[in-house]
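*Asks:* Take a look at this one; I'll ask things after.
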């Protein structure tokens, strides 16, 4: 594992670490020297990932935590701070239970609001609890994933959830900036490599082609690239960046 040490001594909390993007980010943080705390609901993917990180020379711990549970998130974050002395990076990569395809006028309220409520809830809880320790330290980085792009049909509450997260990100950045805490988004247009293994080949190809055609370069960001950008965002190299997004859409979103 390549270790440039840029995140040496950092305690990184990655919620949703068992997913494809969470796994890539966790391995990149560990390669950069951070102790990664792999958080999720299911033990098996977290343990598998932790073993891969350790075999590559990194340091990883696991925790089964429901990121929608206020008490559980608070207890976990406080435990990390007590045992390791700091909470330096917090990244919420939990899934959002999206429902795609239906027009809004035909969509049940529950399907529309589920990703919105879950995204806002998990980002608020994970950020708030981490920020309380970061304020004491006078340093820290909070990252979120997704960004807000041009409106499209058939996305249900998915894009609305990203808009809500962006508003929350900016408010957090305003309130936490005076304490030396940065808040950033990794803006993506989709990562084809992260498509679930249970997706059939034809659908996978369709989604990949659609994503790539939207870019200016004819290719979408890879999981490895997402991990490397996350390391940059969390590192001192990006210390002048907050309340903004790192655009990794390959030109699908301009500006």
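*Asks:* With respect to residue 146, is the statement that it is within 30 Å of residue 9 (Cα to Cα) and touching a helix residue (DSSP H, G or I) at 6+ places or on another chain (Cβ under 8 Å) true? So that I can check it myself, show each step before the final result.
*Replies:* Working: within 30 Å of residue 9 (Cα to Cα): yes; touching a helix residue (DSSP H, G or I) at 6+ places or on another chain (Cβ under 8 Å): yes.
The answer is yes for residue 146.
*Asks:* If you don't mind, another one. Return a yes/no flag: does segment 90-97 have any residue that is touching a strand residue (DSSP E or B) at 6+ places or on another chain (Cβ under 8 Å), within 20 Å of residue 27 (Cβ to Cβ) and assigned to a loop (DSSP other than H, G, I, E, B).
*Replies:* We begin by selecting, within segment 90-97, every residue touching a strand residue (DSSP E or B) at 6+ places or on another chain (Cβ under 8 Å); these are 90-94.
Still in the list and also within 20 Å of residue 27 (Cβ to Cβ): 90-94.
Retained after the next criterion (residues that are assigned to a loop (DSSP other than H, G, I, E, B)): 93-94.
Yes, that holds for at least one residue.
*Asks:* A further question follows. Filter segment 132-154 down to the residues that are modelled with pLDDT of 95 or more and over 16 Å from the mean Cα position of the chain (by Cα) and list them by number.
*Replies:* Selection gives 132, 133, 134, 135, 136, 137, 138, 139.
*Asks:* Among 110, 131, which is in contact with a helix residue (DSSP H, G or I) (Cβ under 8 Å, 6 or more places away or on another chain) and in a helix (DSSP H, G or I)? Show your work before the answer.
*Replies:* Details: 110 fails: in contact with a helix residue (DSSP H, G or I) (Cβ under 8 Å, 6 or more places away or on another chain).
Checking each option against the conditions leaves just 131.
*Asks:* Then there's this: Out of all the residues in segment 93-112, is one or more more than 21 Å from residue 6 (Cβ to Cβ) and crowded, with 22+ Cβ neighbours inside 10 Å?
*Replies:* Yes.
*Asks:* Tell me which helices (runs of 4 or more DSSP H) are completely within segment 139-255 and hold 1 or more residues being in contact with a strand residue (DSSP E or B) (Cβ under 7 Å, 6 or more places away or on another chain) and either touching a residue at least 24 places away in the same chain (Cβ under 8 Å) or crowded, with 16+ Cβ neighbours inside 10 Å (or both), or say none if there are none. Please lay out each step first, then the result.
*Replies:* Numbers: elements: 158-176, 201-214, 223-234.
It comes to 158-176, 223-234.
The values are calculated or read from the model by the stated rules, or taken from the named source; none is laboratory data. Keep in mind that what you see is a predicted model, and the values were worked out from it rather than measured. Virtual Cβ from ideal backbone geometry, glycine too; neighbours counted across all protein chains shown.
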